[in-house]
Amino acid sequence: MRINKGASPGFLSRNVSSFMGSSPPSVFVGRADYPNVRAGILAPPTESEMAWQLDSPKFWFDEQKPVGDIVDMRQALLNSRFEVNVKRPNKVLDVFKELAMTDKVVDVEFRIEGLPVGGVNFDQFSTPMGPSVDLVSAKLAENAPVPGKIESRITDELKAADAMTDLYGRGIDVYHLSRLLSAGLLGLEKKLVPTRWSITAVDDIVSKALLDGVRQNPSINEFEVYNCKYLDNDFHVILLPGCWSFEQLEAYISGTVGYCAKWAEPAIMRDWEGYYGRKTYASKVSGAYYAARLEVAAQLKTRGRQASCLVVRTIGPAYSVPLGVWQIRENVRGALAGAVQKFQTLDAALNHVQESGCRVPKESLLKESRILRDARQQKSLLEF
């Protein structure tokens with residue numbers, strides 16, 4: 001059965017008491033009024049084996065889905081929500097957790113009350129959310145298979161960070177890890193975690209574990225430049241020889257969502273860390289910082305190298321609504337999986353960044369980036 005782009009207007013306008021829907025699988029935990037939150041099971045009000053496409057950032061990136069298509073797909077997911085305390089179980093929560101564990105599309109029988117409300121809600125961290133409806137009960141209409149490596153770890157007495165890094169090393173991707181953490185399935189003291197928090201927590205914890213190994217590796221010996229563009233987000237990833245450090249610059253072009261008229265163009269936000277990492281939250285770039293850092297750390301760990309890294313993200317006006325940090329993660333991963341340009345000097349690398357379409361002038365990069373300033377200063381000292 002083909003997935004409709006949006007939830008049926010007829011469904012949204014009539015007071016039905018139940019429906020059958022195929023969850024991608026997808027679950028969501030809100031953060032308002034924590035620790036008493038609203039959790040939801042996401043599914044279109046129809047059955048379809050293709051429902052996985054409605055919650056698959058990797059698929060969206062691989063297919064280069066435009067903003068409008070992604071919003072339509074997310075609008076097709078009805079958020080059947082219920083109130084729950086993050087530490088107290090209830091019957092609906094059992095189904096919620098089973099969906100968080102599986103990696104297959106699962107048909108669910110929903111009993112609801114009232115009419116669905118709201119349109120599409122946007123957040124800079126999470127994927128857009130469609131209409132919501134009050135959930136009375138939910139029942140799986142079929143088995144929800146759980147990968148053995150997940151089942152073994154959620155029953156072990158492991159700290160959440162240890163379970164996450166182990167599962168990541170076993171091939172469980174960060175999207176699934178975020179679901180597991182959000183559903184309260186990881187850790188010694190298990191409890192629900194708001195989805196927004198779980199996304200950044202997974203990116204942060206896994207990348208820190210990877211970096212413990214990266215810091216032991218020899219450095220790259222050339223300047224490397226990678227590039228990727230999707231959803232009017234341009235990414236230039238610059239790797240410099242030397243010890244690990246990381247910086248992300250985000251430049252907003254006039255007309256972009258969130259751009260303030262009083263800012264200079266481009267408006268640049270930045271966060272940075274040195275060899276030993278950072279102890280405070282990256283408040284300027286926020287969740288995007290951790291999503292990008294994870295992909296850089298993963299690539300360096302695979303290569304057996306370390307480097308200093310600058311990620312330059314330019315956000316253009318065609319990025320008309322925030323879609324979540326997944327697109328930062330996929331763009332950086334796509335860049336690092338693509339062609340690399342290597343240079344003997346930093347100036348040559350930065351010239352290439354300009355020639356490849358970066359919308360931030362070279363002078364602005366040199367002014368704003370601590371990593372670039374440090375690299376130039378180190379060169380001057382060596383010359384002296």
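Test residue 43 against the criterion of being touching a helix residue (DSSP H, G or I) at 6+ places or on another chain (Cβ under 9 Å) and at pLDDT 95 or above, and give yes or no. Criteria met by residue 43.
The residue that is nearest to residue 328 (Cα to Cα), counting only those in segment 15-64 that are in contact (Cβ under 8 Å) with a residue 40 or more places away in the chain and among the acidic types (Asp, Glu), is 55.
Residues in segment 155-177 include none that are in contact with a strand residue (DSSP E or B) (Cβ under 8 Å, 6 or more places away or on another chain) and crowded, with 22+ Cβ neighbours inside 10 Å.
Of the numbered conditions (1) assigned by TED's automatic domain parsing to the domain that holds residue 278; (2) assigned to a helix (DSSP H, G or I), residue 206 fails exactly one; give the number of that condition. Only one criterion in (1) assigned by TED's automatic domain parsing to the domain that holds residue 278; (2) assigned to a helix (DSSP H, G or I) is unmet by residue 206, namely (1).
Residue pairs whose Cβ atoms lie under 6 Å apart, separated by 6 or more positions or on different chains, with the first residue in segment 104-121 and on the phi > 0 side of the Ramachandran plot and the second part of a loop (DSSP other than H, G, I, E, B), are 118/131. On inspection, residue 106 fails the criterion of being more than 28 Å from residue 327 (Cα to Cα), in contact with a strand residue (DSSP E or B) (Cβ under 7 Å, 6 or more places away or on another chain) and not assigned by TED's automatic domain parsing to the domain that holds residue 201. Against the conditions (1) closer than 20 Å to residue 20 by Cα; (2) loosely packed, with under 14 Cβ neighbours inside 10 Å, where does residue 62 fall short? Just the number, please. All conditions pass for residue 62, except number (1).
Return yes when residue 264 is among the aliphatic types (A, V, I, L, M), over 25 Å from residue 68 (Cα atoms) and modelled with pLDDT of 95 or more and no when it is not. So residue 264 does not fit the description; no. Here residue 186 does not qualify as outside any loop (DSSP other than H, G, I, E, B), touching a helix residue (DSSP H, G or I) at 6+ places or on another chain (Cβ under 7 Å) and either aliphatic (A, V, I, L, M) or surrounded by fewer than 16 Cβ atoms within 10 Å (Cβ to Cβ) (or both). Taken together, 291, 307 contain a single residue that is within 15 Å of the chain's Cα centre (by Cα), modelled with pLDDT of 95 or more, closer than 21 Å to residue 215 by Cα and among the aliphatic types (A, V, I, L, M), which is 291.
The values are calculated or read from the model by the stated rules, or taken from the named source; none is laboratory data. Quick caveat, the model's predicted, so the values are computed rather than measured. Cβ coordinates were reconstructed from backbone atoms using ideal geometry, including for glycine residues, and neighbour counts include every protein chain displayed.
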